[in-house]
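No lab work stands behind these numbers, since they all come straight from the coordinates. This one's a predicted model, so the numbers in the text were calculated from it and none came from an experiment. Every residue, glycine among them, receives a Cβ derived from its backbone with ideal geometry; neighbour counts consider all protein chains shown.
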Amino acid sequence: MRRPWLAAVAPYAWLLVFFALPFALVAKLSLSHTVLAMPPYAPQLDLSKGHAGILAFVHQLSFATYARLTSDRLYVLAYLSSLRFAAIATAILFLIGYPIAYGMSRFAPESRHGLLMAVILPFWTSFLIRIYAWIAILKPAGLLNQALAVLHLGPLSLLNTDAAVIIGLVYAYLPFMVLPLYAALERQDERLIEAAQDLGCTPVQAFWRVTFPLSWPGVAAGGLLCFIPMVGEFVIPDLLGGSDTLMLGRTIWTEFFADRDWPAASAVAIVLLATLAVPIALFQRQQAPLLERPGVLS
Amino acid sequence: MRTGPTVFNRLSVGLGLAFLYAPIALLILYSFNASRLVTVWAGFSTRWYAALAQDDQMLDAVWVTLRVGLISASLATVLGTLAAVALVRSGRFRGRALFSGMIYAPLVMPEVILGLSLLLLFVALGLPRGFWTVTVSHATVTLCYATVVIQARLASFDVSLEEAAQDLGCPPLMAFVKVTLPNIAPAVAAAWMLAFTLSLDDLVIASFTSGPGATTLPMRLYSQVRLGVNPEINAVSTLLIAVVGMGVLAAGLIQRRRENPG
């Protein structure tokens, strides 16, 4: 093709209208205030009045909603607890994801393909359904406690606690941690380990001094790929968490659907986005190429 | 020399897979439970599947979800192919950074934000929410996934084949359609599958952008799940898992046969 950039026109225009423009609207709305009307916010931009309309509109925008967010303890707590949940779950994911990915990369190439498929397959099954499955397991009279009773242990009351949220996060995001780690480990040159061992390293030393440092791009990719969406997670805290489990994704949902406070929902979204902007930029700059390798997503 | 997996390696992979599959297996098992109580086994029964066939609201939701998925995945695949071509084939063009930013950001952005922002757009445009707003929203998010999948395949395709076709007198666009497209077809199919599954699965974006008369299956399931576990949900989940699982396995087998024919 002579001008391949022409292919960009349609998707570019589509994303400008349905991705970039909506964000401008969220930003605008976070500077508005609520009113009892439909849509439930003011001011409205009135272009029919021309210049005066735009000026009047700009004058009515204010940072009042943000001031309200920072002074309300509930929002601050939700913000901190979202970061905490995501950080704890990412750490656990790394601890259990790494041995899995490393183990997979040790298998012969013929069996690796099947193992890779096996890890990806749950990702294709519905997120909602996979979280729902945990309700039956963690319920007070659920399957976990039935199993524990056989062993004369328990019962544990896990459902509707923060622990259940962590379990749900770890479960749902495990493939996202394992895949980049596996991609980074699988293509390591075997001879590097041999060289390290020839030079007197024990296998354990060779792992810590060669394999692990070389897998850092995978660690970073997996961490970001899990951490970023987990901060804004809604389904997991809503179904597995208790009524006191605070997470920003849930706050946005409640502000929007229950309280009909659209400016507050927008302001929380902007705060969330501002927090995630740095990790998202990091993810794009360095880690996206890892995902582009054939076989990881397709 | 490769030493092969140790006991520790086998154990970690085995436990990892058990952790991933046990909840799904239990969910499927209890969809065949005779009791209304999801967690008490009372014998094998298919009564919940029969109940499902009578549940008009659920069937409606399935129908809406399938239509949204088919249309949005097709839109996303066409747009995603174009975007992948632009990203792989053209070096620098004005606005490329913004373009690739808009492709990658939705992959990790919390769905709640995507849903809220799209809803605000539809409200600002004065569009009534319903079937088409959900479809357009899903197409927007899934086109980014489609782009990434197709881009990977396109990047490894040898451009000189297309150039050879052009040297032999094939017009540029025709060369792309006749030479490149068949070659990247498996990735295009995989991208469509991925987009379709993501659409089938989405609760959050659909909840924001949907309106009366366009309740998707995840929305319907969510409202039921909030009321507690219920074997009918297990039954519909099992069917969904079966359909998606067979689709993915078939796609995997086709791709495998292409790679090593014979």
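Electrostatic bookkeeping for A:Asn160 treats Lys and Arg as +1 and Asp and Glu as -1; over the other residues with beta carbon under 12 Å from its beta carbon, the sum is -2. When the helices of chain B are scored as -39500 (n - 2.57) per DSSP H run of n ≥ 4 and the total is divided over every residue, the value at 222 nm lands at -25000 deg cm²/dmol.
For the stretch B:141-262, just say rounded, prolate or oblate: build the C-alpha gyration tensor, square-root its eigenvalues into a ≥ b ≥ c, call rounded for a/c under 1.5, and beyond that prolate if a/b exceeds b/c, oblate if not. Prolate is the answer for the stretch B:141-262, as a/c is 1.5 or above and a/b outweighs b/c.
DSSP loop (so not H, G, I, E, B), at most 16 other Cβ within 10 Å: list which chymotrypsin sites (Phe, Trp or Tyr not before Pro) in the stretch B:10-49 pass both filters. Within the stretch B:10-49, the qualifying chymotrypsin sites (Phe, Trp or Tyr not before Pro) (loop, at most 16 other Cβ atoms within 10 Å) are B:Trp41. Between the stretch A:166-206 and the stretch B:108-129, the C-alpha centres lie 40 angstrom from each other.
Take the Cα of B:Val40, step 7 Å toward its Cβ, do the same at A:Leu83, and the gap between the two points is 4.7 nm. Neighbours of A:Tyr41, meaning other residues whose beta-carbon lies under 10 angstrom from its beta-carbon, give a summed charge of +1 when Lys and Arg score +1 and Asp and Glu score -1.
Taking a ≥ b ≥ c as the square roots of the eigenvalues of the Cα gyration tensor, the stretch A:70-290 is oblate, since a/c reaches 1.5 or more and a/b is not larger than b/c. Per residue of B:79-91, other chain Cβ atoms within 10 Å of the residue Cβ number 5 on average.
FRET efficiency for the pair A:Gln188 and B:Gln54, taken as 1/(1 + (r/R0)^6) with r the Cβ-Cβ distance and R0 = 45 Å, rounds to 0.20.
Efficiency by 1/(1 + (r/R0)^6): what FRET value for B:Leu127 and A:Phe257, r their Cβ-Cβ distance, R0 = 22 Å, to the nearest 0.05? Calculated value: 0.70.
Pairs of alpha carbons in the stretch B:121-191 separated by more than 14 Å make up 68% of all such pairs. Helix content alone sets the calculated 222 nm mean residue ellipticity of chain A: runs of n ≥ 4 DSSP H residues at -39500 (n - 2.57) each, divided across all residues, give -20500 deg cm²/dmol. If you take the Cα centroid of the stretch A:210-256 and the Cα centroid of the stretch B:1-35, the two points sit 23 Å apart. Shape summary: the stretch A:26-177 maps onto an equivalent ellipsoid whose semi-axes, from the alpha-carbon gyration tensor, are 47, 23, 15 Å in decreasing order. For the residues of B:121-130, the average number of beta carbons from a partner chain within 10 Å of their own beta carbon is 3. In terms of overall dimensions, the C-alpha atoms belonging to chain B reach 71, 65, 31 Å along their principal axes, ordered largest to smallest. Across peptide A:102-115, the mean count of Cβ atoms from other chains lying within 10 Å of each residue's own Cβ comes to 4. Relative to its residue count, the stretch B:12-157 spans a Cα convex hull of 201 Å³ per residue. Computed from the Cβ-Cβ distance with R0 of 25 Å, the FRET efficiency linking A:Trp208 to B:Ala18 stands at 0.35.
Other residues whose C-beta falls under 11 angstrom from the C-beta of B:Thr216 contribute a net charge of -1, scoring Lys and Arg +1 and Asp and Glu -1.
With the biggest extent put first, the Cα atoms of the protein assembly as shown measure 78, 75, 52 Å across the principal axes.
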